[in-house]
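Notes follow once the structure below has been shown.
The values are calculated or read from the model by the stated rules, or taken from the named source; none is laboratory data. These numbers were taken from a predicted model, which means no experiment stands behind them. Surface areas here come from the heavy atoms of the whole protein model, side chains and all, with no ligands, DNA or RNA. Shrake-Rupley method; radii C 1.70, N 1.55, O 1.52, S 1.80 Å.
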Amino acid sequence: MFYLIGLGLGDAKDVTVKGLDAIRKSKRVYLEAYTSILTVGKEALEEYYGREVILADRDMVEKDSDELLLDAEKEDVAFLVVGDPLGATTHTDLILRAVEKGIQYNVIHNASIMNAIGCCGLQLYNYGETVSIVFWEENWQPESFYDKILSNREKGMHTLCLLDIKMKEQTIENMMRGRPIYEPPRFLSASQASQQLLTIVEKREKSDTNTADLTPESLVVAVARVGASDQKIVTATLKEMTSVDVGPPLHSLVIPGHMHPLEEKMLELFALNDHVKSLLCTNTS
């Protein structure tokens, strides 16, 4: 059996009982190590699971899947994913490859940011399309995610923004020279993502606007380390959020759409200051 097992969002103990049973009986255990992180390292997982854990980077998963699936038709192999295996980052390609090889598979689900984002108080069924905000580079500053946010807001829907993660990335020079030298991990913060949004807002303020457009005073919600003991949630204006530090990764950003009074009351619990509370009270009234 080839198991795809969700680990949840916090630490080693967030794995389900069913998932833990599958891990402990598997011949090999891989940890997908490029789309998300837990608050603990591989060693903590190994100690809790009682099994060696093999890190699987992007190249292994995307190019060397045969290694992952090796002998899975006659022994158990576990592939661990932070969050849910079919959540924010799906691994359906591995399922399809397993099926092609005649290998049985079993998905063991867990919490992911896609459902745990309910922690901020905005109802899950009021979310529209989820978007990704990437690191801007000097010569590459895409804005397509902003148009998706506007599309959601036109429908009155909230938007979950997943923020970029750079794991085991190479410089162009090292890539061209074939040198296996990798850059340190980078994680887009809620403040950086807000600054990129604000830049787009200020640029587009000079052109035609509509009622769905964001402004510097639009409310946004930052969430950090969801599911961990030091989880943090902050509601602020877009402009204010550019200077808010919510601590270590991982971060996500939520852009509210039309809010029910109960949703606004929940956001008030996490208000950065009295100004934000007054904006929420004004909306409610």
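Averaging the sequence gap over all C-alpha pairs within less than 8 Å and six or more residues apart, then dividing by the number of residues, gives the chain a relative contact order of 18 percent. Ordered by 1.4 Å accessible area with all protein chains kept, R24, R153 run largest first as R24, R153. Accessible-area rank, largest first, for E263, E52, E138: E138, E52, E263, with all protein chains present and a 1.4 angstrom probe. From the alpha carbon centroid of the stretch 34-75 to that of the stretch 117-152 is 29 Å. Across the cross-link table entries K18/K101; K239/K265; K42/K74; K13/K155, which are compared at the Cα atoms, the separations over 31 Å belong to K13/K155.
Could you work out how far the C-alpha centroid of the stretch 1-18 sits from that of the stretch 210-285, in angstrom? Computed from Cα coordinates, the inter-centre distance equals 30 Å.
Expressed as a whole percentage, what fraction of the accessible surface of the chain belongs to carbon and sulfur atoms when a 1.4 Å probe is rolled over the protein heavy atoms? So the carbon and sulfur contribution to the accessible surface is 50 percent. Remark: the chain carries 50 Å² of accessible area per residue (probe radius 1.4 Å; ligands, DNA and RNA excluded).
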